[in-house]
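Note sheet for the following structure.
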Amino acid sequence: MRVDVVSIFPDYLRALELSLPGRAREKGLLDLAVHDLRDWTHDRHRAVDDTPTGGGAGMVMKPQPWGEALDALAPDGATLLVPTPAGERFTQRVAEELSAREHLVVACGRYEGIDQRVLDESARRLEVRELSLGDYVLNGGEVAALAMIEAVCRLLPGFMGNAESLAEESHGADGLLEYPVYTRPAAWRGHEVPEVLLSGDHARIAAWRHAQAVRRTTLRRPDLLPATTTGETEVRPAVA
Ligand SMILES: COc1ccc2nc(C(=O)O)sc2c1
C-alpha cells in the first residue's frame, strides 16, 4: 500500500515514521510520504486560505493548492481520505475496507475546512471518503489522519508481528470489546489474577474471556451488541 499525506503541518505527521508504520516501511508493506500543501502555492506568502464566501467566521482552504497537490499525488482510482467532523464515522469496519486499497491520499484540512469544490472535482476520478473519528471537533485533520492511517495500516497482511492478536482485539470480528488482560505476578497489591486464568483449562479460559467481553460490551457499549430478532439490542446477563 502507498499512503500520501498532505498537510500545512507536515511535521505533525512525522510520528508515522516511528513505531508501526515505520516498521512496515522497512518490511516493504507500506510506502508512506508526507507533503507540505504550501509546496503547491505560487504567491510569496504561500497562501492556502481565504475568507468564506457568503460570510461567516474563520477561513476556508483555497481550492487551487489542493487541486494541484492532488493532481500531482493521486492517480486516477486512488482513494482520497478527508478527515472532517462532517464525515461518516470511522470504524474498524471502515479501516478493514480501506486496508484493501492500493493507494490512499489523505488530505488534512485546517481552518473551517477545504473548499467543497476540491472534493467535488476529486470525486470525478477518485474514491472520496470524508471520515470523522467521532462526535467531537479537532483543530484540523492531522490527529485524525494519524489515527486512521495507523488503524488501516496495522491490518495489512504481515504488518503486525503477531497476527493472532488482531483476532482478539476490541471491535474484532465478533464486534465485542476486548476482555480484561493480566500478566505476572499472580498477586499484586492484594489483587489476584482470576483463578480461571491459572487453571490451564483452555476451554474454561476461552469461555470466561468471551463472557467478560460480553459483560464489558453490555455495560460500556450496548450499541455494539447484535440486535435481537425483535429489533431490540440483546441484553445478556452480566457475568459475575
Ligand atoms: C478543518 O479540518 C478539520 C477540523 C476538525 C476535525 N475534526 C475531526 C474529527 O474526526 O473529529 S477531522 C477534522 C478536520
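The values are calculated or read from the model by the stated rules, or taken from the named source; none is laboratory data. Just so it is clear, the model here is predicted, and its values are computed rather than measured. When we count neighbours, we look across all protein chains shown, and the Cβ atoms used for this are built from the backbone with ideal geometry, even at glycine.
From the list 75, 52, the one residue that fits, being in a loop (DSSP other than H, G, I, E, B), in contact (Cβ under 8 Å) with a residue 60 or more places away in the chain and not aromatic (Phe, Trp, Tyr), is 52.
Does residue 77 satisfy the criteria of being closer than 16 Å to residue 2 by Cα and either surrounded by fewer than 17 Cβ atoms within 10 Å (Cβ to Cβ) or modelled with pLDDT under 95 (or both)? Walk me through it before giving the result.
Numbers: closer than 16 Å to residue 2 by Cα: yes; either surrounded by fewer than 17 Cβ atoms within 10 Å (Cβ to Cβ) or modelled with pLDDT under 95 (or both): yes.
The answer is yes for residue 77.
Going residue by residue through region 110-127, is there one that turns out to be within 15 Å of the chain's Cα centre (by Cα) and surrounded by 14 or more Cβ atoms within 10 Å (Cβ to Cβ)? Checked against the condition, which is being within 15 Å of the chain's Cα centre (by Cα) and surrounded by 14 or more Cβ atoms within 10 Å (Cβ to Cβ), region 110-127 yields no hits at all.
The residue that is nearest to the ligand (Cβ to nearest atom), counting only those in region 36-58 that are of a type in the set (Asp, Glu) and within 27 Å of the chain's Cα centre (by Cα), is 49. Residue 61 versus (1) surrounded by fewer than 19 Cβ atoms within 10 Å (Cβ to Cβ); (2) within 12 Å of the ligand (Cβ to nearest atom); (3) among the hydrophobic types (A, V, I, L, M, F, W, C): which is the lone unmet condition? Result: residue 61 fails condition (1) only.
Mind listing just one residue for me: the one in region 136-153 that is surrounded by fewer than 19 Cβ atoms within 10 Å (Cβ to Cβ) and modelled with pLDDT under 95 and, of those, farthest from the ligand (Cβ to nearest atom)? Here the answer is 150. The conditions of being of a type in the set (Phe, Trp, Tyr) and within 16 Å of the ligand (Cβ to nearest atom) are not met by residue 179.
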